[in-house]
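**Student:** There's a structure below that I have some questions on.
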Amino acid sequence: MKKLNVVLALMVVAVFAMLSLSPLKAYADTVTMTFENPGGQSSGSDYVYPYDFSINGSSTYTPLMCLSFTQEITQGESWTATITQIVGNTQYEEAAYIFSLATAPSASQTTIADAQWANWELFDSGASSSIPNGVSQTDVTTMLDNAASYVAANQNSSLYSEYQIYVPESGWPSGDGTPQIFIGDTDFSGGAPTPEPGSLVLLGTGMFGLATFMYRRKKIA
């Protein structure tokens, strides 16, 4: 009876791990974001990537790229946001491709500015009317076209899992507009690593397999 109880306990834990620690669960975290400072360069009257944030009060700042051109935030402002998965959302996948260009080790300041404006135009086509001197609309359009082509040809690219979206939920100052949506690298989570979905599911399936083995062994005995 004791062995059976152990088997049952293992199965329950395994199922819980596979359900509650699944990829969707790993991407459903709610965090508190505080805008610390604009760490990037200016492009006209607007700052471009990176925007430095404290996530959940961490002293380790997380660099993010703004995706919403029409909303505004102020330094020191805080709110809660949901971390949303990129896979399955074409617009987010294109944003991830563009963001990868800006965060490449060899990315120039020009590439970073182009990528920022490309993502602004991706989410708000009207942003093109505000593009400043020094930023080529032709280059921005080419970047957008390349992003669309990449996503169309790479629907299951591992690139998308390298990034995550921060969607504002609540908590910003009363009377202030909704904060922007941001994109960032999954390696930056305010000093706490984001769980890797594949590893979590592997843990669950491994425990389930062990429970099955013990159950069959008990029946044979």
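The values are calculated or read from the model by the stated rules, or taken from the named source; none is laboratory data. Note that the structure is predicted; figures quoted are calculated from it, not measured. Note: ideal-geometry Cβ built from the backbone for every residue, glycine included; neighbour counts use all protein chains shown.
**Student:** Does any residue of segment 165-174 turn out to be closer than 14 Å to Ala95 by Cα, in contact (Cβ under 8 Å) with a residue 40 or more places away in the chain and among the aromatic types (Phe, Trp, Tyr)?
**Tutor:** Yes, that holds for at least one residue.
**Student:** Right, something else. With respect to Thr60, determine if the residue is closer than 21 Å to Asp145 by Cβ, in contact (Cβ under 8 Å) with a residue 24 or more places away in the chain and loosely packed, with under 14 Cβ neighbours inside 10 Å.
**Tutor:** Details: closer than 21 Å to Asp145 by Cβ: no; in contact (Cβ under 8 Å) with a residue 24 or more places away in the chain: yes; loosely packed, with under 14 Cβ neighbours inside 10 Å: yes.
The answer is no for Thr60.
**Student:** Sticking with this one: Can you confirm whether Ser59 is within 17 Å of Trp172 (Cβ to Cβ) and assigned to a loop (DSSP other than H, G, I, E, B)?
**Tutor:** Against the criterion (within 17 Å of Trp172 (Cβ to Cβ) and assigned to a loop (DSSP other than H, G, I, E, B)), Ser59 does not qualify.
**Student:** Report whether or not Ile131 is farther than 30 Å from Thr32 by Cβ and either in contact with a His (Cβ under 6 Å, 6 or more places away or on another chain) or surrounded by fewer than 23 Cβ atoms within 10 Å (Cβ to Cβ) (or both).
**Tutor:** On the way: farther than 30 Å from Thr32 by Cβ: yes; either in contact with a His (Cβ under 6 Å, 6 or more places away or on another chain) or surrounded by fewer than 23 Cβ atoms within 10 Å (Cβ to Cβ) (or both): yes.
So Ile131 fits the description; yes.
**Student:** Does segment 84-102 hold any residues that are modelled with pLDDT under 95 and either among the hydroxyl-bearing types (Ser, Thr, Tyr) or part of a strand (DSSP E or B) (or both), and which are they?
**Tutor:** Correct list: Thr84 only.
**Student:** If you don't mind, there's one more thing I want to ask. Which one is nearest to Ile112 (Cα to Cα), of the residues in segment 44-96 that are in contact with a strand residue (DSSP E or B) (Cβ under 8 Å, 6 or more places away or on another chain) and of a type in the set (D, E, K, R)?
**Tutor:** Here the answer is Asp52.
**Student:** Let me spell it out: the conditions are (1) surrounded by fewer than 21 Cβ atoms within 10 Å (Cβ to Cβ); (2) over 12 Å from the mean Cα position of the chain (by Cα); (3) more than 20 Å from Asp124 (Cα to Cα); (4) in contact (Cβ under 8 Å) with a residue 12 or more places away in the chain, and Ala107 meets all of them except one. Which number is the exception?
**Tutor:** That leaves (4) as the condition not met.
**Student:** So which pairs qualify, if the first residue must be in segment 66-87 and under 12 Å from Thr178 (Cβ atoms), the second must be in a loop (DSSP other than H, G, I, E, B) and polar (S, T, N, Q), the Cβ gap must be under 6 Å, and the two must be at least 6 apart or on different chains?
**Tutor:** Close Cβ pairs (under 6 Å, with a partner that is in a loop (DSSP other than H, G, I, E, B) and polar (S, T, N, Q)) amount to Ser68/Gln180; Gln71/Thr178; Gln71/Gln180.
**Student:** Among the listed residues Asn156, Asn133, which satisfies the condition of being farther than 17 Å from Ser43 by Cβ and outside any helix (DSSP H, G or I)?
**Tutor:** Working: Asn133 fails: farther than 17 Å from Ser43 by Cβ.
Only one candidate qualifies: Asn156.
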